[in-house]
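Enquirer: This structure is in C-alpha cells; I'll ask about it shortly.
The values are calculated or read from the model by the stated rules, or taken from the named source; none is laboratory data. Because the structure is a prediction, the values reported are computed rather than measured. Every residue, glycine as well, gets a Cβ built from its backbone with ideal geometry; the counts of neighbours run over all protein chains shown.
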Amino acid sequence: MGKYLIRRFLQLVVVAFVISVLTFLLVHLLPGDPTTVILGPNDTAANRAILLKQLGLNLPLWQQYLTWIGAVFHGNLGTSYLNHQSVSHILATGAPVDLELIIISQFIAFAVAVPLALVTSRRPNKALDNVATTSTFGLLALPPFVVAPILVAVFAVGLGWFPATGYTPFTQSPAQNIHEMILPSVAITAGSIAVYYRLLRSDLISTLQQDFITMARSKGLSGRRIMWRHAFRPSSFSLLAAAGINIGALIAGTFVVELLFVLPGIGYALVQAVEQRDYLVVQGIALVVAVAYVLIQFIIDFIFTIVDPRVVRE
Amino acid sequence: MPDDRELLDTGASSQLLGDRFPGMAATDEAVMAISTEHLDGGDVLAKKPLGFLFWFAVTWVAVVFLAAILANVLPLQNPNVQNYSALNQGPSTAHWLGTDDLGRDLLARLIFGSRVSLIVGFCGVAIGLAIGGTAGLISGYKGGKLDIALNAGSFIILAFPAIVAVIAIVTFWGASLLHITIILGVGTIPLMFRVIRATSLSFAQRDFVIAAKTMGATDTRVVLREILPNVVPVMVTFSLITVAGIIVIEGTLAFLGLSVSLPTPSWGNLINEGTANNALSTDPFIMMWPALSMFLLLWSINLIGDRLRQRFDIREGLL
C-alpha cells in the first residue's frame with residue numbers, strides 16, 4: 001500500500017509542476033499588458049519600462065517563473081497590481097464560501113440520490129424506477145445558470161422564502177448563513193443528483209445479481225440489511241470516483257451562483273481579476289484551485305485504498 | 001471541455017475511469033455485467049422502438065437548427081434594434097415573446113442567440129473529434145511509447161479544472177465566437193482522445209483484427225476498415241454528450257459575461273440579462289424563454305445520445 005501511495009504521490013507532484021508551468025505560461029504568453037492596466041493607456045513608454053522593471057516583467061520567462069514559484073513555496077502568492085490585496089488573503093476570504101456551497105450541495109445530492117437508488121434498484125424498470133430515472137435524466141439538462149435564476153424567481157422573488165442576494169459569514173450568524181446558502185447550494189446540486197443516482201442505480205442492479213447477494217437472501221437476511229450492508233458498499237466505489245470528477249463541474253457552478261447571489265467567493269474574485277487584467281491574482285487563483293482539485297483526486301485515491309484493497313494489489 | 005460528469009454516461013466511461021482511478025477497475029466488470037444483463041434480460045429488446053420522447057427530442061433539435069440557419073430569412077425583427085415605444089412588453093402579435101427593457105424583440109434575440117450555442121457546441125466537438133479522435137484511434141491501436149506519452153499528457157490536461165483554464169484563456173485572448181469555439185474545441189481533444197483510445201484499445205487485440213493482420217492488411221487498412229467501424233458508435237454517442245457539455249460551458253461563460261460580447265445575443269447572456277436590473281421581479285419571462293430553450297436543447301441532445309447508446313450497446317454485444 002505504501003508503495004502504491006508513493007507512486008500516486010509522485011504523479012501528483014509531476015501534475016502539480018506541470019499545472020504551475022501551464023498557469024504561468026497561460027498568463028504570460030497571452031496578449032495584454034499589465035502596465036496598461038496600472039498606468040492607463042496614455043502613459044509614456046519610459047514610465048512603462050520603469051514599471052516593467054519594478055514588477056520584474058523584463059526578465060527572461062524562466063527567471064520570472066522561478067521567482068514566482070519560489071515565492072509561492074514561501075506562502076507568498078503575490079499581490080494584486082490594482083488594490084494591493086494579497087492573493088492569499090483573497091483566497092482565504094473566498095474559499096470558505098465555495099467550500100460551504102460544495103459541502104451543502106453534495107450533502108443534499110447524496111441524501112437524495114443514495115436512498116432513491118437503493119429503493120429503485122430493487123425493482124428495476126418498474127413504475128417508480130422509471131419515474132426516478134426519467135426525472136433525474138432531466139436534471140442532467142439543468143446547469144446552474146439555468147436553475148439558479150428560476151430558483152430565485154420562484155423561491156426568492158415569488159414566494160419570498162429565501163433572500164435573493166446577500167452573504168453573512170457562518171461565524172457571525174450560523175442560522176442566517178445557512179438560510180442564505182440554501183438556494184445557491186441547491187442550484188448547483190441538480191447535476192450531482194442525476195450523476196450519482198444513475199451511477200449507483202446501475203451499479204446496484206448488477207451487484208444485486210451476484211452470488212453473495214443470493215447467499216445473503218438464502219440466509220434469510222432482511223431486504224434492508226442486504227441493501228445497506230451487502231450491496232451498497234461494493235457499489236459505492238464508482239460513486240466515490242464520480243464525486244471526485246464532479247468537483248470540476250461544481251467549481252464552475254459555484255462561479256455562477258456567486259455572481260447571481262452576490263457571494264464573495266473565489267469565482268467572483270477571479271472574474272473580477274480577469275476583467276481588470278490583474279495577472280498575479282488570476283495566476284494565483286488558477287494555481288491554487290487547480291492544485292486543490294488534483295489534491296482532492298489524490299485523497300480520493302487514498303480513500304480507495306482503504307475501502308477497496310484490490311486497488312493496491314492490481 | 002464538457003463537464004466531466006458527462007463522461008459517466010458512455011459505455012467507454014468505465015475504461016476511462018479505470019485509467020484515472022485504479023479503483024474503478026473493479027467496476028469495469030460490473031459495467032460489463034450490466035451490458036450483458038441487458039442482452040439476456042430481454043427488457044431491452046433488439047428492436048425496442050426509440051419512442052415518442054426520442055422523436056420529440058430530434059424534432060426540437062431540428063427546429064432549433066432550422067431557426068438558427070434561417071434566422072436571416074425568417075420575418076424576424078433585428079435582434080439588436082432598440083424600440084423605446086415598446087419597452088418590457090408581454091407577448092403580443094407584434095412581438096410573440098414580448099420585448100426586453102430596451103424594447104428589443106425577445107423572439108428574434110432568442111433565435112439569433114441559439115446560433116452561438118449551436119456553433120460552439122457542434123464545431124467545437126468537430127475540432128476535438130478531428131484531432132483527439134484521430135490520435136486516440138491510432139494511439140490505442142498502435143500502443144508503444146507515444147501512446148503512453150499522449151495518455152499521460154491528456155491525464156495532466158484533464159487534471160486542470162476546465163472552467164478556470166477557459167476563463168483565463170478567454171479573457172486574455174479575447175472573447176469572440178471564433179476564439180471560444182477554438183478554445184472549447186481544443187479543450188475537448190484530451191477527452192475525445194481518452195475515450196476513443198480506450199475503445200480502440202479494446203478492439204486492437206480482438207480476433208478479427210488479428211485475423212486481418214495475419215492476412216496481410218496494412219495498419220491503415222486495419223484502422224480504417226476493422227477498428228473505426230467499431231469505434232463509431234462510441235464516437236457518435238460521446239460526441240453528442242460532449243456537445244451538450246460544451247454548450248453548458250459556453251452558457252456558463254456567457255452568464256458570467258465572458259463569452260461573445262453584447263449586444264450579440266446568446267442564450268447564456270440572455271439568461272444573464274433576464275436576471276439583471278431586478279428583471280426577475282418585473283419580468284421573469286425574459287429569463288424564462290432562453291432558460292427553457294436551453295433546458296430543452298440539452299435534454300434533447302442528452303436523450304438522443306442516451307438512446308443511441310442503448311441501441312449501439314446491443315449491436316456491440318452481438319458482434
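Enquirer: Collect the residues in region A:269-287 that are in a helix (DSSP H, G or I) and either charged (D, E, K, R) or more than 10 Å from chain B (Cβ to nearest Cβ) (or both), keeping them in residue-number order.
Expert: Taking region A:269-287 and keeping what is in a helix (DSSP H, G or I), we get A:269-275, A:279-287.
Within region A:269-287, A:Ala269, A:Gln272, A:Glu275, A:Leu280, A:Val281, A:Gly284 meet the criteria.
Enquirer: Inspect region B:131-139 for any residue being at pLDDT 70 or above and touching a Gly at 6+ places or on another chain (Cβ under 9 Å) and give the result as yes or no. Spell out the reasoning first.
Expert: Filtering region B:131-139 down to residues at pLDDT 70 or above leaves B:131-139.
So of that shortlist, the ones also touching a Gly at 6+ places or on another chain (Cβ under 9 Å) come out as B:131.
Yes, region B:131-139 contains a residue that is at pLDDT 70 or above and touching a Gly at 6+ places or on another chain (Cβ under 9 Å).
Enquirer: Continuing with this model, one more query. Please determine whether any residue of region A:180-197 is at pLDDT 85 or above, within 7 Å of chain B (Cβ to nearest Cβ), surrounded by 22 or more Cβ atoms within 10 Å (Cβ to Cβ) and within 20 Å of B:Glu250 (Cα to Cα).
Expert: yes
Enquirer: What's the number of the condition A:Ile150 fails, among (1) buried (at least 22 other Cβ atoms within 10 Å of the Cβ); (2) in contact with a Pro (Cβ under 9 Å, 6 or more places away or on another chain)?
Expert: Just one mismatch for A:Ile150, condition (1).
Enquirer: A further question follows. Quick check on this structure: which one of A:Thr214, A:Thr207, A:Thr254, A:Thr168 is in contact with an Asp or Glu (Cβ under 7 Å, 6 or more places away or on another chain) and without any contact (Cβ under 8 Å) to a residue 40 or more places away in the chain? Please lay out each step first, then the result.
Expert: Values: A:Thr214 fails: in contact with an Asp or Glu (Cβ under 7 Å, 6 or more places away or on another chain); A:Thr207 fails: in contact with an Asp or Glu (Cβ under 7 Å, 6 or more places away or on another chain); A:Thr254 fails: without any contact (Cβ under 8 Å) to a residue 40 or more places away in the chain.
Being in contact with an Asp or Glu (Cβ under 7 Å, 6 or more places away or on another chain) and without any contact (Cβ under 8 Å) to a residue 40 or more places away in the chain holds for just one of A:Thr214, A:Thr207, A:Thr254, A:Thr168, which is A:Thr168.
Enquirer: Moving on. Which numbered condition in (1) within 14 Å of chain B (Cβ to nearest Cβ); (2) part of a helix (DSSP H, G or I) is the only one that A:Phe162 fails?
Expert: Status for A:Phe162: all satisfied but (2).
Enquirer: Can you tell me which residue in region B:278-319 is modelled with the lowest pLDDT, limited to those that are of a type in the set (D, E, K, R) and assigned to a helix (DSSP H, G or I)?
Expert: The first filter runs over region B:278-319 and keeps only residues of a type in the set (D, E, K, R), leaving B:283, B:306-307, B:309, B:311, B:313, B:315-316.
Going one step further and asking which of them are assigned to a helix (DSSP H, G or I), we end up with B:306-307, B:309, B:311, B:313, B:315-316.
Working: B:Asp306: 81, B:Arg307: 82, B:Arg309: 78, B:Arg311: 76, B:Asp313: 62, B:Arg315: 38, B:Glu316: 35.
It comes out as B:Glu316.
Enquirer: With the structure loaded, tell me whether A:Ile303 is out of contact with any helix residue (DSSP H, G or I) (no Cβ under 6 Å at 6 or more places or on another chain), surrounded by fewer than 17 Cβ atoms within 10 Å (Cβ to Cβ), assigned to a helix (DSSP H, G or I) and facing another protein chain (nearest Cβ under 10 Å) or whether it fails that test. So that I can check it myself, show each step before the final result.
Expert: Values: out of contact with any helix residue (DSSP H, G or I) (no Cβ under 6 Å at 6 or more places or on another chain): yes; surrounded by fewer than 17 Cβ atoms within 10 Å (Cβ to Cβ): yes; assigned to a helix (DSSP H, G or I): yes; facing another protein chain (nearest Cβ under 10 Å): yes.
Yes; evaluated as a whole, the condition is true for this residue.
Enquirer: Let me ask something else. Can you work out which of the residues in region A:106-147 that are assigned to a helix (DSSP H, G or I) and within 8 Å of another protein chain (Cβ to nearest Cβ) is farthest from B:Met288 (Cα to Cα)? Show your work before the answer.
Expert: Our first condition is that a residue be assigned to a helix (DSSP H, G or I); within region A:106-147, this holds for A:106-120, A:127-139, A:144-147.
Imposing the further condition that a residue be within 8 Å of another protein chain (Cβ to nearest Cβ) reduces the set to A:137-138, A:144-146.
On the way: A:Phe137: 20, A:Gly138: 17, A:Pro144: 14, A:Phe145: 12, A:Val146: 9 Å.
The residue in question is A:Phe137.
Enquirer: Please specify each residue of region A:243-262 satisfying the condition of being under 16 Å from the mean Cα position of the chain (by Cα), more than 9 Å from chain B (Cβ to nearest Cβ) and among the aliphatic types (A, V, I, L, M).
Expert: A:Ala243, A:Leu250, A:Val257
Enquirer: If only one of B:Gly143, B:Gly132, B:Gly136 is farther than 19 Å from B:Thr242 by Cβ, away from every other protein chain (no Cβ under 12 Å) and in contact (Cβ under 8 Å) with a residue 40 or more places away in the chain, which one is it?
Expert: Details: B:Gly132 fails: farther than 19 Å from B:Thr242 by Cβ; B:Gly136 fails: farther than 19 Å from B:Thr242 by Cβ.
Only one candidate qualifies: B:Gly143.
Enquirer: Do you know which residues across region B:290-302 are within 12 Å of the chain's Cα centre (by Cα), within 7 Å of chain A (Cβ to nearest Cβ) and in contact (Cβ under 8 Å) with a residue 60 or more places away in the chain?
Expert: B:Trp299, B:Asn302
Enquirer: Is it fair to say B:Phe160 is without any contact (Cβ under 8 Å) to a residue 40 or more places away in the chain, in a loop (DSSP other than H, G, I, E, B) and either surrounded by fewer than 24 Cβ atoms within 10 Å (Cβ to Cβ) or out of contact with any Cys (no Cβ under 9 Å at 6 or more places or on another chain) (or both)? Full working, then the answer.
Expert: Values: without any contact (Cβ under 8 Å) to a residue 40 or more places away in the chain: yes; in a loop (DSSP other than H, G, I, E, B): yes; either surrounded by fewer than 24 Cβ atoms within 10 Å (Cβ to Cβ) or out of contact with any Cys (no Cβ under 9 Å at 6 or more places or on another chain) (or both): yes.
Judged against the criteria, B:Phe160 is a match.
Enquirer: Only one residue in A:Phe145, A:Phe110 is touching a residue at least 24 places away in the same chain (Cβ under 8 Å), surrounded by 15 or more Cβ atoms within 10 Å (Cβ to Cβ) and within 22 Å of B:Leu296 (Cβ to Cβ). Which one? Even if it seems obvious, please write down each step before you answer.
Expert: Details: A:Phe110 fails: within 22 Å of B:Leu296 (Cβ to Cβ).
Result: A:Phe145 is the single residue among A:Phe145, A:Phe110 that is touching a residue at least 24 places away in the same chain (Cβ under 8 Å), surrounded by 15 or more Cβ atoms within 10 Å (Cβ to Cβ) and within 22 Å of B:Leu296 (Cβ to Cβ).
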